[in-house]
Amino acid sequence: MNLFAQLPSVDRLLSDPAVTALIDIHGRVVVTQLVRTVLAGTRESVRSGTPLPDTASLIARIGADATALATPRLRPVYNLTGTVLHTNLGRAPLPEEAVAALITAARNPCALEYDIESGGRGDRDDIVNDLLCELTGAEAATVVNNNAAAVFLLLNTLAQRKEVIVSRGELIEIGGAFRVPDIMKRAGAKLVEVGTTNRTHLKDFSEALTPRTAMLMKIHASNYAIQGFIHAVPENELAALAHERGLPFVVDLGSGTLTDLERWGLPHEPTPRENIAAGADLVTFSGDKLLGGPQAGLLVGRKELIAKIKKNPLKRALRVGKLTLAALEAVLRLYRDPDRLHERLTALHQLTRPEAQIRAAAERLLPPVQLALAALPVNVEIVALRSQIGSGSLPVDRLPSAGIAIRPQGRKSGVLHRIEAALRGLPRPVIGRIDEGALLLDLRCLAAHEEAEFAANLAGFACS
Ligand SMILES: *Cc1c(COP(=O)(O)O)cnc(C)c1O
C-alpha cells in the first residue's frame, strides 16, 4: 500500500507540462479519463508484483492511449489483396469528380428536394433520373441505400402476399447475409422455385404460373458459375411469358456495369440496357460494384412500376442522402464520355490497368519492400499474379497482374503471418493476401501517384 503513495496523483499528472500539451490536443475530458484509467491499471499491476513505473513512463502510456483513441476507426488502407471491388475494404474507390461533388454537397445547402426553377418542392430522385434513363434506356429510375434494399423494396411493393417465380439455379447467397429466399420472406413474398440447379426451361415457368403470381424474376448468379450441362431461359422468352399474363419480368443484376466492358478487353458483363432491351420491366443493381460509384441501389424500368415503388413508405426508410446522390450524379456523368471513361473512373482504371504497367510499379517498389524486410528470414521477389474483379462480378475470370511475393526461407511459415500483421500495423495499413505459402502484394490497385507515400509508410515497418 505504501508503494501506491509513491504514484503521482491525478492532479499532479494533469499539471505536468507533457500532460497539459496532451490536453491542448485531445481536450481535458479525454485526458483526465485516460489519466484515471492508466493510474488504476498501474495500481492493479503493481498489486500483482510489477515494479512501480516512473512518472515519465506513465505519461508516455497516457500519450500513447490518447493517440490510439484519436485514430479514426474508418482508416484508409492500401488494398493489395488483388481483389479490386473488395466489399470489406469499401468496394469502388470514387473518382476525383465524385469526391469534389461530395465535398461541395457536404459543405453547402443544396437543391436536394427543391426545384430551383419553380421554387417549389422537388424529388431527390430527379438528380439522377434522367442520367440513369439515358444510360439504361429505362423510362424512370429511383435510388435506395444499396442493391439489397432495392430488391427488398421491389418485392415488398409488387409481390407482398403473392408468388415470385425464380429458377433454382439463381437462389443465391451473397456474402454478408443476403440470401434470396430470406429477402423474399422478409419482403412478404412467396418464393416459387422452378427447374433444377443446372437446367431450367420455359415450361417450368409457365407451369408454375397461378392467379397469385406477382412476377417472374431473374437473379444474376454473381459470385458463382456453373458449367457443363446447363440451360437457362433467355430473358426475352421470360419477358414474353410474363407479358402474356400481364405480369412484370424483373431482373436483379447485382453488379450492373453501364458500359460494354469488352471494349477494354474485359469479359462481358450484362448491362441494364441489355435487360431492358430484352423486355425486363425492372432492373436493380449496385452503385459501388462495377459501376464504380458510391454505395447505392439503383432501380430502373417502367414508369408506372417505379412510381408504385416510390409510393411505398419503406422507400422513405431506404432512401439515400445528399452525399450519395452528389457522388452518384458525378459518376454517372462520366459515362457520357465512354472514350475517356477508363482514365477517369477509378474502378475501371484499376480493372483495365495493363499488366506491364503493374509490373513496372512492382520493380520500383521492390527495393523499399526489400529494405523494410531486410532483417527477416524471407525472400522477396517480383511475381506474376492474377487479380479478381470482386463483389460477385465475373467470379471465374482473372486479370493478369503483377506484384511482390514474400516467401519464408526454409519452412518457417510463421514469419509470414507476423509480417502480414506488421503490414496491417503500419500508419496506413497494407492489406495483402497469403496464398500458397507466400504473402502476396498485388500492386494493381496502388496508383502511380501513391507510390512515394507507400514507400514512406513502409519506413514505420516493425516486425518482431
Ligand atoms: C451484390 C448483389 C446484391 C446486393 O447488393 P448490395 O449493393 O451489396 O446490397 C444483390 N443481388 C445480387 C445479384 C448481387 O450481386
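The values are calculated or read from the model by the stated rules, or taken from the named source; none is laboratory data. All figures in this text were calculated on a predicted structure; none of them were measured in a lab. Here the Cβ is made from the backbone with ideal geometry for all residues, glycine too, and neighbour counts use every protein chain on show.
General observations
- Yes/no for Glu420 being without any contact (Cβ under 8 Å) to a residue 60 or more places away in the chain, within 30 Å of Glu173 (Cβ to Cβ) and either in a loop (DSSP other than H, G, I, E, B) or out of contact with any His (no Cβ under 9 Å at 6 or more places or on another chain) (or both): yes
- Tabulated pairs, the range 133-150, first within 24 Å of Ala317 (Cα to Cα) and within 16 Å of the ligand (Cβ to nearest atom), second among the β-branched types (Val, Ile, Thr) and in a strand (DSSP E or B), C-beta under 7 angstrom, 6+ apart or interchain: Ala141/Val300; Asn147/Thr284; Ala150/Val144; Ala150/Thr284
- Selected residue (criterion: nearest to the chain's Cα centre (by Cα)) from residues of the range 172-200 that are of a type in the set (A, V, I, L, M, F, W, C) and within 11 Å of the ligand (Cβ to nearest atom): Ile174
- Candidates Ile389, Ile406 - the one that is buried (at least 16 other Cβ atoms within 10 Å of the Cβ), at pLDDT below 95, aliphatic (A, V, I, L, M) and touching a helix residue (DSSP H, G or I) at 6+ places or on another chain (Cβ under 8 Å): Ile389
- Of the candidates Leu426, Leu446, Leu458, the single residue that is over 25 Å from Ala384 (Cβ atoms) and of a type in the set (A, V, I, L, M) is Leu426.
- The range 220-231 residues that are modelled with pLDDT of 85 or more, paired with ones that are away from the ligand (no atom under 13 Å from the Cβ) and among the β-branched types (Val, Ile, Thr) (beta carbon under 8 Å, 6 or more apart): His231/Thr200
- All positions within the range 281-294 that are on the phi < 0 side of the Ramachandran plot and within 14 Å of the ligand (Cβ to nearest atom): Leu282, Val283, Thr284, Phe285, Ser286, Gly287, Asp288, Lys289, Leu290, Leu291, Gly293, Pro294
- Condition met for Ser167 (surrounded by 22 or more Cβ atoms within 10 Å (Cβ to Cβ) and of a type outside the set (A, V, I, L, M, F, W, C)): yes
- Residue list for the range 159-202, filter: of a type in the set (A, V, I, L, M, F, W, C), in contact with a Gly (Cβ under 8 Å, 6 or more places away or on another chain) and at pLDDT 90 or above: Ala159
- Selected residue (criterion: farthest from Ala347 (Cα to Cα)) from residues of the range 381-435 that are within 16 Å of the ligand (Cβ to nearest atom) and not hydroxyl-bearing (Ser, Thr, Tyr): Val396
- Criterion violated by Gly246 - all others in (1) within 16 Å of the ligand (Cβ to nearest atom); (2) out of contact with any His (no Cβ under 8 Å at 6 or more places or on another chain) satisfied: (1)
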